[in-house]
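Novice: This is the structure I want to talk about, given as structure tokens.
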Amino acid sequence: MKINKILFNLILVLSLCSCNQELSGRWQTIFAPDFIKGITGFSEAGDRYYSSSSPFNTVMNLNYFLNDKNGEENNNKLVDDISKIYSDEISRLHKLFDRHLYYEDENNEIINNLKIINKSYGSNEEIVCSDELYQLLKEGVAAFELTDGVFNIFTGSISDYWSDIFSNAYNSTLDEIDPYFNENQRILLENYVSRIPNTIEDINAQLTFNDQNKSVKFNKINIDTDDEDKYRPIISVGGIGKGYATDIVKTKLVENNYLDGMLFSGGSSISSLSTPIHSKDVKGQKISVVNPLTSNSFEKKLAFSIQISDEFNFSTSANNTSGKSYWFVDENVDKNKVNYRHHILNPKTGYPESYHRSVSILSYSFSNSMVDILSTTFMNLSTEDGLKFRQELLEMYPNSSLELFYIDQVGYGSNATVKVIATSTVNDTLQVDESVELIYA
């Protein structure tokens with residue numbers, strides 16, 4: 001069976017609103033540094049690498065409003081100051097959270113990053129961490145407990161497994177690479193999944209924290225297994241690292257009184273530095289999510305859009321990332337069942353779920369790292385289970401806000417349509433394309 005590609009490069013669309021009538025100015029886009037400028041790190045073998053990708057393997061930027069009242073000279077200085085904070089923080093955090101390469105500091109000393117922690121597996125060595133990496137790992141463990149294991153940071157092995165499949169997907173057939181069709185692939189995946197800790201007791205035994213010196217120890221817990229090292233768990237902070245970094249950068253900018261902007265962390269998350277600048281005639285900042293059925297079209301259509309008038313964090317997880325997705329129809333079971341293969345994995349099964357095409361989270365209270373965790377979690381839950389979990393979170397955090405927007409596909413092929421299931425109208429501003437069904441949960 002041939003593989004059906006998904007080509008998709010854009011999930012969220014940020015429409016920068018015109019400002020208040022009292023304000024005159026322009027929006028300036030400040031990009032995170034491109035690592036292609038120099039040697040970024042080195043591998044286990046000591047090979048030096050130039051990177052062709054941006055930090056966190058995505059496009060990150062800050063859109064900032066420059067008020068004409070400041071004057072051109074002051075605005076130029078403002079851009080320089082903001083750019084330095086933004087680029088320095090993003091570069092530093094990327095190196096700390098990267099699990100693929102080693103990095104050196106200004107004294108040519110190797111940085112204790114996630115790569116170092118993964119390498120220390122089973123060595124009984126305590127790795128002293130930076131404050132940011134230490135807290136990120138603790139938050140990852142807390143997220144496991146919060147989501148009952150649906151979110152798990154010990155999934156690097158299955159992430160690498162699927163990355164290899166995606167790399168070979170378009171030169172192969174499903175019988176050759178997909179574990180649903182290939183028994184050897186299925187056994188390999190099952191072996192990886194069996195080594196992922198799946199209880200909080202196992203998690204705490206696997207990774208032990210020392211709060212006194214902010215060190216972690218990555219332990220073996222299946223020490224009697226001959227192939228433990230081959231199928232060992234690997235810590236990955238995908239689904240939380242980028243959001244956590246956004247929180248740190250946002251705090252740094254706000255502390256310096258830089259408030260008139262939006263952090264755009266890839267095609268999947270947006271965070272306002274304060275109440276969005278907007279016109280008197282428009283309620284807030286407009287955010288739109290693209291209809292996944294138009295992924296291969298030159299004229300991409302929007303599934304829905306909303307106007308957000310308060311400080312917010314917004315995250316979308318989707319199963320249609322370019323180069324990391326494919327799909328097939330399971331005709332033996334149900335001719336309407338579409339199986340999507342994508343990078344958002346259920347740690348309990350090792351497989352990507354096919355419940356939703358995308359899930360978006362809007363919150364006025366939760367951090368960027370939390371909304372990233374939640375958008376990933378809700379992708380791995382059915383609509384019924386997801387709405388139940390949302391209610392549990394609202395009861396657990398009674399002063400919080402958590403709006404949920406599903407995009408689900410109905411049917412496949414030329415007859416396919418999508419529906420949006422929403423928990424809020426967002427100030428009566430929720431709009432869907434005429435081809436999209438809207439359901440309120």
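Novice: Placing +1 on the Cβ of each Lys and Arg and -1 on the Cβ of each Asp and Glu in the stretch 329-441, which of THR429, GLN409, LEU381 has its Cα farthest towards the positive end of the resulting dipole?
Specialist: So the residue we want is LEU381.
Novice: Can you tell me the dipole magnitude for the chain around its Cα centre, using point charges on the Cβ only (Lys, Arg +1; Asp, Glu -1), in Debye to the nearest 20? Please report the intermediate quantities before stating the final value.
Specialist: Numbers: 38 positive and 60 negative charges, 169 e Å.
With only Lys, Arg, Asp and Glu charged at Cβ, the dipole is about 820 debye.
Novice: Roughly how many debye, to the nearest 20, is the charge dipole of the stretch 93-148 about its Cα centre, given +1 on each Lys and Arg Cβ, -1 on each Asp and Glu Cβ, and no other charges? Before the final figure, lay out the partial values.
Specialist: Details: 5 positive and 12 negative charges, 49 e Å.
Roughly 240 debye for the stretch 93-148.
Novice: Under a cut-off of 20 Å between alpha-carbon atoms, report the aspartates and glutamates in cross-link reach of LYS388, not counting same-chain residues fewer than 8 places apart.
Specialist: Here the aspartates and glutamates satisfying the reach criterion relative to LYS388 are GLU145, ASP148, GLU353, ASP372, GLU403, ASP408.
Novice: Sticking with this one: Round to the nearest 0.05 the FRET efficiency obtained for THR58 and GLU395 when R0 = 45 Å and r is the Cβ-Cβ distance.
Specialist: Details: r = 34 Å, r/R0 = 0.75.
Step by step, r from the Cβ atoms, then E = 0.85.
Novice: Still on this model: Could you list, bin by bin from short to long, the percent of Cα-Cα pairs of the chain in 10 Å steps?
Specialist: 4, 20, 30, 28, 14, 4, 0, 0
Novice: Excluding ligands, DNA and RNA, what is the solvent-accessible area per residue of the chain at a probe of 1.4 Å, expressed in Å²? Before the final figure, lay out each step's value.
Specialist: Details: 20400 Å² over 441 residues.
I get 46 Å² per residue for this part.
Novice: Okay, moving on. Using unit Cβ charges (K, R positive; D, E negative) and no other charged atoms, how large, in debye to the nearest 20, is the dipole of the stretch 154-207 about its Cα centre? Please list the in-between numbers first.
Specialist: On the way: 2 positive and 9 negative charges, 23 e Å.
Once rounded to the nearest 20, the dipole reads 120 debye.
Novice: What share of Cα pairs, in percent, lie more than 24 angstrom apart in the stretch 140-261? Intermediate results must be reported in sequence, preceding the final value.
Specialist: On the way: 3329 of 7381 pairs.
Tail fraction, whole percent: 45.
Novice: Could you rank TYR180, TYR192 by how accessible they are, 1.4 Å probe, largest area first? Provide the component values of the computation, followed by the final result.
Specialist: Numbers: TYR180 100, TYR192 45 Å².
Ranking TYR180, TYR192 by accessible area, largest first, yields TYR180, TYR192.
Novice: Summarise the accessible area of the chain (1.4 Å probe, protein heavy atoms) by the percent that is carbon and sulfur.
Specialist: Details: 9010 of 20400 Å².
With neighbouring chains kept in place, the figure for the chain is 44 percent.
Novice: Using a cut-off of 22 Å between alpha-carbon atoms, which lysines can reach LYS337, once sequence neighbours fewer than 8 places away in the same chain are excluded?
Specialist: Hits, sequence-local ones excluded: LYS2, LYS5, LYS324, LYS348, LYS419.
Novice: I've got another one for you. Out of all DSSP beta bridges with both ends in the chain, state the antiparallel percent to the nearest 5.
Specialist: Values: 65 of 69 bridges.
Of those bridges, close to 95 percent are antiparallel.
Novice: Return the whole-Å distance between the Cα centroid of the stretch 198-255 and the Cα centroid of the stretch 344-410.
Specialist: For the stretch 198-255 versus the stretch 344-410, the Cα centre distance is 21 Å.
Novice: Work out how much length LYS77 to PHE31 would gain on full extension: take 0.36 nm times their residue separation and subtract the Cα-Cα distance, in nm to one decimal. Intermediate values should be presented prior to the final figure.
Specialist: On the way: separation 46, 0.36 × 46 = 16.56 nm, distance 1.61 nm.
Computed gain between LYS77 and PHE31 is 14.9 nm.
Novice: Next question, about the same structure. Once every DSSP H run of n ≥ 4 in the chain is given -39500 (n - 2.57) and the sum is divided by its residues, what mean residue ellipticity at 222 nm do you get, rounded to the nearest 500 deg cm²/dmol?
Specialist: On the way: 10 runs with 125 residues, N = 441.
Theoretical 222 nm ellipticity from helices: -9000 deg cm²/dmol.
Novice: Taking the mean number of other Cβ atoms within 10 Å as a proxy for protection, how do you rank 65-77, 372-384 from highest to lowest? Walk me through the numbers on the way to the answer.
Specialist: Details: 65-77: 13.2, 372-384: 22.8.
So the peptides 65-77, 372-384, ranked by packing, come out 372-384, 65-77.
The values are calculated or read from the model by the stated rules, or taken from the named source; none is laboratory data. Here the structure is a predicted model, which means the values were calculated and not measured. Note that we place each Cβ from the backbone using ideal geometry, even for glycine, and neighbour counts take in every protein chain shown. Ligands, DNA and RNA are excluded from the accessible area calculation, which covers all protein heavy atoms including side chains. Shrake-Rupley method; radii C 1.70, N 1.55, O 1.52, S 1.80 Å.
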